[in-house]
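Enquirer: Below is the structure I would like to discuss, written out as structure tokens.
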6 protein chains.
Amino acid sequence: MRIAVIRKGHFNAAHQLYVPSWTREKNERIFGKCANPNFHGHNYELEVTVIGEIDPVTGMLINLKTLKDIITEHIEEYFDHKNLNLEFEEFKDSPPTTENLCIVIYNRLRTVLDEKYDVKVRLSETPRNFAEYPVN
Amino acid sequence: MRIAVIRKGHFNAAHQLYVPSWTREKNERIFGKCANPNFHGHNYELEVTVIGEIDPVTGMLINLKTLKDIITEHIEEYFDHKNLNLEFEEFKDSPPTTENLCIVIYNRLRTVLDEKYDVKVRLSETPRNFAEYPVN
Amino acid sequence: MRIAVIRKGHFNAAHQLYVPSWTREKNERIFGKCANPNFHGHNYELEVTVIGEIDPVTGMLINLKTLKDIITEHIEEYFDHKNLNLEFEEFKDSPPTTENLCIVIYNRLRTVLDEKYDVKVRLSETPRNFAEYPVN
Amino acid sequence: MRIAVIRKGHFNAAHQLYVPSWTREKNERIFGKCANPNFHGHNYELEVTVIGEIDPVTGMLINLKTLKDIITEHIEEYFDHKNLNLEFEEFKDSPPTTENLCIVIYNRLRTVLDEKYDVKVRLSETPRNFAEYPVN
Amino acid sequence: MRIAVIRKGHFNAAHQLYVPSWTREKNERIFGKCANPNFHGHNYELEVTVIGEIDPVTGMLINLKTLKDIITEHIEEYFDHKNLNLEFEEFKDSPPTTENLCIVIYNRLRTVLDEKYDVKVRLSETPRNFAEYPVN
Amino acid sequence: MRIAVIRKGHFNAAHQLYVPSWTREKNERIFGKCANPNFHGHNYELEVTVIGEIDPVTGMLINLKTLKDIITEHIEEYFDHKNLNLEFEEFKDSPPTTENLCIVIYNRLRTVLDEKYDVKVRLSETPRNFAEYPVN
């Protein structure tokens, strides 16, 4: 009798994609315009899925107000209006691709959401590009 | 060779969230503004997923016209422009949260859709809040 | 050299449509399911347009943070999770149709936004129904 | 540690639904207005999901530019502004339903995407009708 | 004190763009892939704006149920699942471009909507292409 | 008998909002998080409206393929994956607010679109913030 609850969030950030150990030419060949050293940016849209059992009294899997506040505090306020490359340890050694950002967000939420829940994160970088983690 | 077909629906309804055995203070502490005794309301958006095998002659899993009519008759006409708390036995003893409403919708569809199909329901209460039932 | 800035907002509310001086039959004939005395509800989506001249130093017509705060305080917090019929003087003598609600919102914003701006409001009751006020 | 990347695409096409071995009456009874012999058409929206392991150097599951180019070449340019019934061998013996078109798209992508990836396709024919293939 | 009410509609149709007095080469040079003689198609999305004065008793500019029924009868049922080139006198001598289709829809609605209203039509052929008629 | 045609476009860019002659404190007080000196970014969505008379032979106001190519060449390729502050003369002396960027885009399009057309630009910085230029 497991159910899922999904809550959306969003933040705006700047980034660039590059691997420091590569030449600029190789970075541009692999990452294209995303390797622009002056940065570009996105409106990131976030979808957090929490899975578990309903509380029979409240009829809630998780209080949506609580989930909203967790996303605001741990994801939106953490990343909003920031530069992913310059302001985050998490992207010092790995490029802030949609995939890596999605995993970083998952790991941040996993530490604050009760262990009884399963958690999934879907992140869009543009209206046509998404990542989802984890998957079976 | 299983495939899914998804059909969307929608209805508008009023509700409030409260547990009758709790004090009003406790209801407001847990449910916040949703506990307003004068009710508030939503445009509910529904996504019904039917899963099974394609009919090799028609190329259809289920006739989408049939699925649309089932959703209209058993969900939209049943809930549209109603008060979930005052007009439904289903929410006499359990609050009409998105989770509980999603399960009620699933159970109604499950009784009318052929047993050969698996069924899933995704229900949004606002563009940022969803429930999905069942999940693995 | 006039420019417009548009900011969206949203709130959820319950209502019913009826004219007290009419019989229930006439109310149901004119307003259909919207006349349900138990109320139904909607996710209202709001689009506020402010028109005027850009400040040449800031490059802004109006500070969008200010506009967002005005919409939150004077519209969203005023109407969100409320019953339009039971909790507002504005709808004591006139039904809370999308048209009337749009005008009430316009009048509230007009009193708090600087007179140097022109203001327009677009309000959706469902994804397929809108009102817009004023129009030329 | 599996992750999914999703990329959207779209194309516009004409089609009709009918089974050649049936009478026109039976086709109209089963397929309704979709059996119009003069054709009708749709804006098809496509969502391609690729699942696998991230490359630890690039932080990418698959280069999104590569995935976009594959979708453009093998799906969008193949189907866009075409008649599904008249111009494709794939629909000579089976009607171009959303389900069958979804499977044809999956099979085309499966042959060009590296075997190390799992692939899923979600296809919408209208904003309210979708198919998804494969499903567990 | 004029206000606008907007109601959305939609229909799916096939068409091609060509001018009979031109060669096929010229048609393909001007209309590109849209000149495919086998037809292609679209999900047309429609936005009908009605402008006038509110009825002070009902709080309505026009009964939205009436407006919905007019759009269903005179536009959706007229065009849905049809071939614009083969089944309509209106496009015998002029190509069914978004512009021409928008004007045809406007003219149909203008004859059935009360003269006291101003009317505008916005029509999208794809999520990125629109026409609007009339404009000042 | 004037008609409008609308075509959408989009690009992703980084920016920050600040006035060089102000202190950092004043910039942060006025522009808030948007003044982050490390930049942030957005997915900009663009809506170009062209207004004029239909060509009676083609049924087109402007060839939508031509309009799409103009937007791609003069707007999307010019701004996409760039830093608005560091890479554009246009924003050397005025901050790249939505309003100023909207006017810059309008001016670029105005020089390449035939004088017989009226032109309008609507630009969104986030799904909730827009600018529109010019307005009456």
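Enquirer: Going through C:T58, C:T98, C:T111, C:T126 one at a time, which residue ends up being more than 10 Å from every other protein chain (Cβ to nearest Cβ) and among the hydroxyl-bearing types (S, T, Y)?
Expert: Residue meeting the stated conditions: C:T111.
Enquirer: Another question, then. May I ask you to list the residues in the range C:80-95 that are open to solvent by 10 Å² or more (accessible area, probe 1.4 Å) and away from chain B (no Cβ under 14 Å)?
Expert: Scanning the range C:80-95 gives C:E89, C:E90, C:K92, C:D93, C:S94.
Enquirer: So which residues in the range B:95-119 are of a type in the set (K, R) and within 18 Å of B:E76 (Cβ to Cβ), if there are any at all?
Expert: If the condition is that a residue be of a type in the set (K, R) and within 18 Å of B:E76 (Cβ to Cβ), then B:R108, B:R110 are the ones that fit.
Enquirer: Same structure, new question: More than 7 Å from every other protein chain (Cβ to nearest Cβ), basic (K, R) and within 19 Å of B:P56 (Cβ to Cβ): is that true of D:K68 in this structure?
Expert: So D:K68 does not fit the description; no.
Enquirer: Among the residues of the range F:100-108, is there at least one that is over 19 Å from C:L61 (Cα atoms) and in contact (Cβ under 8 Å) with a residue 60 or more places away in the chain?
Expert: No, the range F:100-108 contains no residue that is over 19 Å from C:L61 (Cα atoms) and in contact (Cβ under 8 Å) with a residue 60 or more places away in the chain.
Enquirer: Restricting attention to the range B:19-47, which residues are in a helix (DSSP H, G or I), under 21 Å from C:N38 (Cβ atoms) and hydrophobic (A, V, I, L, M, F, W, C)?
Expert: B:F31, B:C34, B:A35
Enquirer: Can you tell me which residue in the range D:37-50 is surrounded by the most Cβ atoms within 10 Å (Cβ to Cβ), limited to those that are over 14 Å from D:N129 (Cβ atoms) and among the hydrophobic types (A, V, I, L, M, F, W, C)?
Expert: The selected residue is D:F39.
Enquirer: Identify, please: which residue in the range D:96-127 is surrounded by fewer than 17 Cβ atoms within 10 Å (Cβ to Cβ) and not β-branched (V, I, T) and is, among those, farthest from the chain's Cα centre (by Cα)?
Expert: In this case the residue turns out to be D:K116.
Enquirer: Within the range F:54-92, track down each residue that is in contact (Cβ under 8 Å) with a residue 60 or more places away in the chain and in a loop (DSSP other than H, G, I, E, B).
Expert: Result: F:D80, F:H81, F:L84, F:N85.
Enquirer: For the list (1) surrounded by fewer than 21 Cβ atoms within 10 Å (Cβ to Cβ); (2) at the interface with another protein chain (Cβ under 7 Å from one of its Cβ atoms); (3) among the β-branched types (V, I, T), I need the number of the one condition that B:V5 fails.
Expert: (1)
Enquirer: Within the range E:8-35, take every residue that is facing another protein chain (nearest Cβ under 7 Å) and open to solvent by less than 20 Å² (accessible area, probe 1.4 Å) and give me the one that is nearest to F:V57 (Cα to Cα).
Expert: E:V19
Enquirer: Let me ask you something else. Is at least one residue of the range B:51-73 within 30 Å of B:P37 (Cβ to Cβ) and buried (at least 20 other Cβ atoms within 10 Å of the Cβ)?
Expert: Scanning the range B:51-73 turns up no residue that is within 30 Å of B:P37 (Cβ to Cβ) and buried (at least 20 other Cβ atoms within 10 Å of the Cβ).
Enquirer: Sticking with this structure for a sec: Working only within the range F:36-53, note down all residues that are polar (S, T, N, Q) and within 14 Å of chain A (Cβ to nearest Cβ).
Expert: F:N36, F:N38, F:N43, listed by residue number.
Enquirer: Taking interchain pairs and intrachain pairs at least six residues apart, which have beta carbon atoms under 6 angstrom, with the first residue in the range C:16-29 and free of Cβ contacts under 8 Å to residues at least 40 places away in the same chain and the second open to solvent by less than 90 Å² (accessible area, probe 1.4 Å) and of a type outside the set (K, R)?
Expert: C:N27/C:Y18; C:N27/C:A35; C:E28/C:A35
Enquirer: It is to be established whether one or more residues within the range B:81-102 are among the hydrophobic types (A, V, I, L, M, F, W, C) and over 23 Å from A:D55 (Cα atoms).
Expert: no
The values are calculated or read from the model by the stated rules, or taken from the named source; none is laboratory data. It should be emphasised that the depicted structure is a prediction, and the values quoted were computed from it without experimental measurement. Here the Cβ is made from the backbone with ideal geometry for all residues, glycine too, and neighbour counts use every protein chain on show. Ligands, DNA and RNA are stripped out before the accessible areas are found, and what is left, the full protein with its side chains, is counted by its heavy atoms. Shrake-Rupley method; radii C 1.70, N 1.55, O 1.52, S 1.80 Å.
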